[in-house]
Amino acid sequence: MPNCQNCGSKWTWKDTFVKMFTFKNKLRCPSCEHFQYLSKKSRNQLSLFVMSPFLIWVPLVSFNVPIQYIFAVEIASYFIVLMSMPFFYRLSNKEEPMW
């Protein structure tokens, strides 16, 4: 779980999960109300992590697995990725550029 870089408090899974869907660059700390930003490393890891269900899909299609199984595996993998994403969040006090 992410820790606030300002006050040091550890965010809960629920707080982090809810903040994932705000689609903003700034995340407000639930305890000290200061703005936090996703770190560059965290954004890079999350972008690769979100692609992992697609990478599972490719071998399933190439081995002619029935489409019902492919859909079931894809839905399960997207659910697992979505539920585990808050564990990969790391915060920073300032916004870091991607380059």
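The values are calculated or read from the model by the stated rules, or taken from the named source; none is laboratory data. Computed from a predicted model, the values in this text were never measured in an experiment. All Cβ positions, glycine included, derive from the backbone under ideal geometry; neighbour counts span all protein chains shown. What goes into the accessible areas is simple: the full protein's heavy atoms, side chains included, and nothing from ligands, DNA or RNA. Shrake-Rupley method; radii C 1.70, N 1.55, O 1.52, S 1.80 Å.
Over every pair of different alpha-carbon atoms in the chain, take the mean of 1/r and invert it; report that Kirkwood radius in Å.
15.0
For the range 1-48, just the Cα set please: Rg and Dmax, both in angstrom.
Answer for the range 1-48, Rg first and Dmax second: 10.4, 31 Å.
Among MET98, MET85, what's the order by accessible area (1.4 angstrom probe), most exposed first? Let's see the in-between values first.
On the way: MET98 85, MET85 30 Å².
Final ranking, largest accessible area leading: MET98, MET85.
For ILE75, tell me the accessible area in Å² from a 1.4 Å probe, rounded to the nearest 10.
Accessible area of ILE75: about 120 Å².
If you put +1 on each Lys and Arg Cβ and -1 on each Asp and Glu Cβ, how big is the dipole of the chain around its Cα centre, in Debye rounded to 20?
Around 340 debye, computed over the chain.
Which whole-number percent is the relative contact order of the range 20-99 (Cα, under 8 Å, 6+ apart)? The partial results should precede the final answer.
Details: 60 pairs, mean separation 36.6, N = 80.
Dividing the mean separation by the residue count of the range 20-99 yields 46 percent.
Could you compute how much accessible surface MET1 exposes when probed at 1.4 Å, giving the result in Å² to the nearest 10?
40
What is the helix-to-structure angle for 40-62, meaning the angle in degrees between its Cα long axis and the longest Cα principal axis of the chain, kept from 0 to 90 and rounded to the nearest 10?
It works out to around 10 degrees.
Please name which of PRO66, HIS34, LEU82 has its Cα lying farthest along the dipole of the chain towards the positive end, using unit charges on Cβ (Lys, Arg +1; Asp, Glu -1) and the Cα centre as origin.
HIS34
Please give me, ordered by residue number, the chymotrypsin sites (Phe, Trp or Tyr not before Pro) of the range 3-58 that lie in loop per DSSP and have at most 14 other Cβ atoms within 10 Å. The partial results should precede the final answer.
Working: sites: TRP11, TRP13, PHE17, PHE21, PHE23, PHE35, TYR37, PHE49, PHE54, TRP57; in loops: TRP11, PHE21, PHE23.
Sparse-neighbourhood loop chymotrypsin sites (Phe, Trp or Tyr not before Pro): PHE21, PHE23.
Based solely on its DSSP helices, what 222 nm [θ] is calculated for the chain when runs of n ≥ 4 H residues each add -39,500 (n - 2.57) and the sum is averaged over all residues, nearest 500 deg cm²/dmol?
On the way: 3 runs with 49 residues, N = 99.
Computed mean residue ellipticity for the chain: -16500 deg cm²/dmol.
With springs only between Cα atoms under 10 Å, which of GLN45, GLN68, GLN36 fluctuates most in a Gaussian network model of the chain?
Comparing GLN45, GLN68, GLN36 in the GNM, the peak value goes to GLN68.
Gaussian network model of the chain, Cα springs within a sub-10 Å range: biggest mean-square fluctuation belongs to which of SER47, SER31, SER62?
SER62
What percent does the relative contact order of the range 1-45 come to when contacts are Cα pairs within less than 8 Å and at least six residues apart? Write down the numbers at each step before the final one.
Details: 39 pairs, mean separation 13.4, N = 45.
Relative contact order here is 30 percent.
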